[in-house]
Amino acid sequence: MFLSARMARAMGLDVNRIWNLCVLMIFTALIGSRILLLVLNWSDLRRFPLWMVGLASMRTPWMLVGGGAFAVLVGLAYALMVRLPLLRTLDVLTPGLALGYAISRIGSFWAGSAYGSPTALPWGVLYRSRLAALWAGTPLGVRLHPTQLYEALLELLFFCALMLVWRRLRPGELFGMWLFLLGLSSFFLGFIRGSVHPEIVNGGLLPGQTFAVLLVIASGVFWWKRDRVEASA
């Protein structure tokens with residue numbers, strides 16, 4: 001949020017509106033994800049009401065996706081309401097998103113979630129926490145690729161690249177660049193990701209890789225349409 005505020009000041013946007021946008025999206029993601037978790041597990045929660053106490057700490061992929069979708073919709077509505085230029089606003093948020101994603105991957109590494117496939121490489125990691133096995137299904141006692149750290153390192157490199165070139169890019173190009181880099185890295189890391197290997201679709205394309213391809217396509221469409229969007233924004 002602090003980084004986005006500094007970027008907003010440098011790009012000539014209203015810092016207070018960008019700050020409000022960040023706060024609104026964060027709280028919407030948190031609340032929206034919990035509401036989705038409540039709805040999806042309503043029958044179980046009715047049988048065991050005390051489980052609601054643990055809603056704050058529960059994590060599922062669908063919950064994260066749902067919370068993110070709620071945040072995007074609310075953020076878009078707020079940006080339109082206060083007349084923030086959409087492309088510049090996305091550019092302002094992009095470096096903070098890259099840095100925040102890198103930090104979240106480090107958290108995933110410590111928690112054992114989003115783990116990699118088995119490896120014999122010397123930097124493979126061994127998990128022994130029963131909580132990691134319980135919450136994330138992490139294999140215990142098996143040397144795994146630290147894919148979370150691979151992602152964190154890549155995102156830090158992307159963050160540095162974004163900060164180096166943002167002054168030379170047109171509105172919307174910074175966000176499109178990050179989408180492309182994120183999709184490309186996610187696609188290739190999917191080959192060594194362990195937690196999704198059982199879910200094969202379309203003759204070998206993993207769900208995460210499908211999403212990565214969509215990100216790359218979105219970045220291409222975004223750059224192709226940026227002039228029209230810029231004119232309308």
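Points to keep in mind about this one:
- Number of the condition not met by Gly203 [criteria: (1) among the small types (Gly, Ala, Ser); (2) on the phi > 0 side of the Ramachandran plot; (3) at pLDDT 75 or above]: (3)
- Residue check for Arg143: out of contact with any Pro (no Cβ under 9 Å at 6 or more places or on another chain) and charged (D, E, K, R): no
- Region 111-170, subset touching a residue at least 24 places away in the same chain (Cβ under 8 Å) and of a type in the set (D, E, K, R), residue nearest to Leu181 (Cα to Cα): Glu155
- Test result for Phe175, buried (at least 18 other Cβ atoms within 10 Å of the Cβ), part of a helix (DSSP H, G or I) and in contact with a strand residue (DSSP E or B) (Cβ under 9 Å, 6 or more places away or on another chain): no
The values are calculated or read from the model by the stated rules, or taken from the named source; none is laboratory data. Keep in mind it's a predicted model, so treat the numbers as computed, not measured. Methodologically, a virtual Cβ is constructed for each residue, glycine included, from the backbone with ideal geometry; neighbour enumeration extends over all protein chains shown.
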